[in-house]
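Structure first, then comments.
Please treat every number below as a calculation from the coordinates, not as lab data. Being a predicted model, the structure only gives us computed values, none of them experimental. Methodologically, a virtual Cβ is constructed for each residue, glycine included, from the backbone with ideal geometry; neighbour enumeration extends over all protein chains shown.
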Amino acid sequence: MNESVLADTFFEENEDQDMLALTLWEAHKCVVRRHLIKMCTQRKKEQRQRMEELTRQFSDLEAAHKSTQSDEDYMTLLEARKTLRDILHQKLQHTIQKSHRFFFEYSNKCGRLLARMLQKKRHMCHISKLKTKEQTITQFLDKITELFQEYYHTLYNLSTETSSDSIHRRERRITEYLQKHGTKTLSQDTAEELEAPISMEELQVALKGSKLNKAPRRAAHQIHKEIRRGYCSNHHYPD
């Protein structure tokens, strides 16, 4: 370790009775930050020079091996390739760890990550133009809204007729469709059981079959109290 880093004389050289301690501390943090930036910049420069040197050395060794085809040049080429691969793996591992830390810190917080994701989603979901029935492109918002209304009105067959004849016709078409395409039917007892209110026995079975360490919603707590009260009233324990 470089011992000169520990030999910090900043406070001895800049301490003054008229200066606030908070101001002195903030100034010291700026100085430390400048030293850290300088060290990081120097380290990145050395790594970049090392990569350029290894890449150039690898190219020279590869050219030499092609011309000589000797075992010695081949072993030197493999050693240079291994060194270059190790440095690239370290750089890739550092990038992956940095990405994991970034997503861990800002995945559920408001910030640049969420804004960037919402911006991409907004561009994907935003409809700026549509093609009309006349095969023309429109970019007007009121026209696009009208086209969507017409499409879903036709899709779901939203008829405005409220007469008894129109209602009977729709019911008849629905019945014919179900008779033609419906392959499975429920018995009368099963249908009545499904339509009946939820019983206390069914709630007990659902609560017993729920996962552990999973808290129910607020309404379920009241239901659970009623079930427990009824259970305790039906079971008398000796004193």
What lysines does Lys121 reach when the alpha-carbon gap must be under 25 Å and sequence neighbours fewer than 8 apart in one chain are set aside?
Lys98, Lys109, Lys129, Lys131, Lys143
With Rg and the Kirkwood Rh both taken from Cα atoms, where does Rg over Rh land for region 103-152?
1.26
Straight-line reach check, Lys91, cutoff 23 Å on alpha carbons, 8 or more apart in-chain or any other chain, hits among lysines -> Lys38, Lys44, Lys45, Lys82
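Let me check I've understood the local charge: for Asp73, count other residues with C-beta under 12 angstrom from its C-beta, Lys and Arg +1, Asp and Glu -1. What total comes out?
That works out to -4.
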So the FRET efficiency between Ile144 and Ile198, C-beta based with R0 = 45 Å and rounded to 0.05, is 0.50
